[in-house]
1. Look through segment 212-256, keep the residues that are in a loop (DSSP other than H, G, I, E, B) and surrounded by 18 or more Cβ atoms within 10 Å (Cβ to Cβ), and return whichever of them is farthest from ligand 2 (Cβ to nearest atom).
2. Within segment 90-103, identify whether any single residue is at pLDDT 95 or above and more than 15 Å from ligand 1 (Cβ to nearest atom), and answer yes or no.
3. Testing Ala43 on (1) more than 16 Å from ligand 2 (Cβ to nearest atom); (2) under 20 Å from Thr2 (Cα atoms), one condition comes back false. Which one is that?
4. Please work out which residue is farthest from Leu237 (Cα to Cα), limiting yourself to segment 189-211 and to residues that are buried (at least 19 other Cβ atoms within 10 Å of the Cβ) and either more than 7 Å from ligand 2 (Cβ to nearest atom) or among the polar types (S, T, N, Q) (or both).
5. Does Ala62 satisfy being among the hydrophobic types (A, V, I, L, M, F, W, C), over 20 Å from His168 (Cβ atoms) and within 16 Å of ligand 2 (Cβ to nearest atom)?
6. In segment 157-183, which residue that is part of a loop (DSSP other than H, G, I, E, B) and either away from ligand 2 (no atom under 12 Å from the Cβ) or without any contact (Cβ under 8 Å) to a residue 60 or more places away in the chain (or both) is nearest to Ala107 (Cα to Cα)?
7. Can you name the condition, by its number, that Arg24 falls short on among (1) of a type outside the set (A, V, I, L, M); (2) modelled with pLDDT under 95; (3) within 16 Å of ligand 2 (Cβ to nearest atom)?
8. Leu275: closer than 21 Å to Leu115 by Cα and either under 21 Å from the mean Cα position of the chain (by Cα) or surrounded by fewer than 15 Cβ atoms within 10 Å (Cβ to Cβ) (or both), yes or no?
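The values are calculated or read from the model by the stated rules, or taken from the named source; none is laboratory data. All figures in this text were calculated on a predicted structure; none of them were measured in a lab. Cβ atoms come from the backbone with ideal geometry, glycine included; neighbour counts cover every protein chain shown.
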Amino acid sequence: MTAFLCTGGAGFIGSGFVHRLLARDETDTVTVLDALTYAGNRANLPDDPRCTLVEGSVCDAALVDELVAGCDVVVHFAAESHNDNSLNDPSPFIQTNIVGTFTLLEAVRRHGKRLHHVSTDEVYGDLELDDPNRFTPTTPYNPSSPYSASKAASDHLVRAWVRSFGIHATLSNCSNNYGPRQHVEKFIPRQVTGIIDGVRPKLYGAGLNVRDWIHVDDHNDAVLDIIERGRPGTTYLIGADGEMDNKSVIELILELMGEPADAYDHVNDRAGHDLRYAIDASLLRDELGWRPRYTSFRDGLAATIDWYRGNEDWWRPTKAATEAKYAAKGQ
Ligand code: NAD
Ligand code: TDX
């Protein structure tokens, strides 16, 4: 019987975590602290008396202190998460990702609580397409965008609080997630919902950029394993050997949705666009025995497409405003 505090639990990955947590144990409870920004949606949360939503910010020190005091384990998902938004306006990324993590760390330190910090592979920068190496926990930090720099800063804060103050924290850096309830600003949902609306997919630049795709449920299973069995102070990389270039992902989406494989357009590239991410998850596999359940990206993607087809009420309200932001940048 564990009382979890889950920040950002009304977003894509955090809500997936809440669903998995409550499904696997009948006695756990979860308090979700979420600011319900454009990316948060209370409808993402299960209708379950063991789940309570508190609408508020991780930057609100008094609120964070009260909630941390009342829980056993903190799982920190809350963040501004979209690279393109960070190029338009970095300011909320500095506040939520850096100041918010600092605020949480201070409360965790005061109350001596267990923390798991959720981060991204983007903190390591990018790899050449032919580089035989992948990211490992010792790869030097080299972030490219305001988003990834703010996540890198948050990781450094957590590591410093572990070393200097002895807080009991673990960290994870995961590759690109896909699955249900991902905001339509992100690559895969943007193209899938566009095709449903008869709009051709939009590929940044030549589309040779490689991302290492993992299903959101596999990410969250790894987070649960780390919370239960991870070594204090350790960073685990999470990835499922899912490297694929963006052009191939668009072609696969088009095929699965019954459209010609060349029915997409090239649009303006992202400034500072990272070329390739690739995760070596050996530590997670060898030490904690984690294995991904979604071993076929094709099957996981087909199920995700079905989810967007069946949940138009969920994504329709945010689609037009999201596309208007892209249109202003020729994307
Ligand atoms: P998301 O944008 O879908 O959700 C973020 C959630 O945080 C939203 O519910 C939002 O309302 C909330 N939030 C934002 N600012 C807040 C604040 N100040 N206080 C409280 N809540 C706030 O993001 P996501 O894709 O679910 O990502 C979750 C975490 O996982 C992030 O830390 C992200 O860096 C990390 N991550 C994401 C991916 C990916 O592929 N999406 C990969 C690796 C790591
Ligand atoms: O319309 C598009 N066309 C396109 O070619 C969009 C929205 C994106 N892209 C490209 C850019 C990237 O190379 O697709 C790739 C994936 O883009 P995003 O979905 O924006 O993801 P990315 O920038 O790779 O970051 C994601 O993974 C790491 C998450 O958004 C981050 O939160 C996570 O940390």
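1. Gly230
2. No, that holds for no residue.
3. That leaves (2) as the condition not met.
4. Ranking the qualifying residues of segment 189-211, first place goes to Ile195.
5. Spelling it out, it is not the case that Ala62 is among the hydrophobic types (A, V, I, L, M, F, W, C), over 20 Å from His168 (Cβ atoms) and within 16 Å of ligand 2 (Cβ to nearest atom).
6. Checking each candidate, the answer is Ile167.
7. Going through the list (1) of a type outside the set (A, V, I, L, M); (2) modelled with pLDDT under 95; (3) within 16 Å of ligand 2 (Cβ to nearest atom), Arg24 breaks only (3).
8. Judged against the criteria, Leu275 is not a match.
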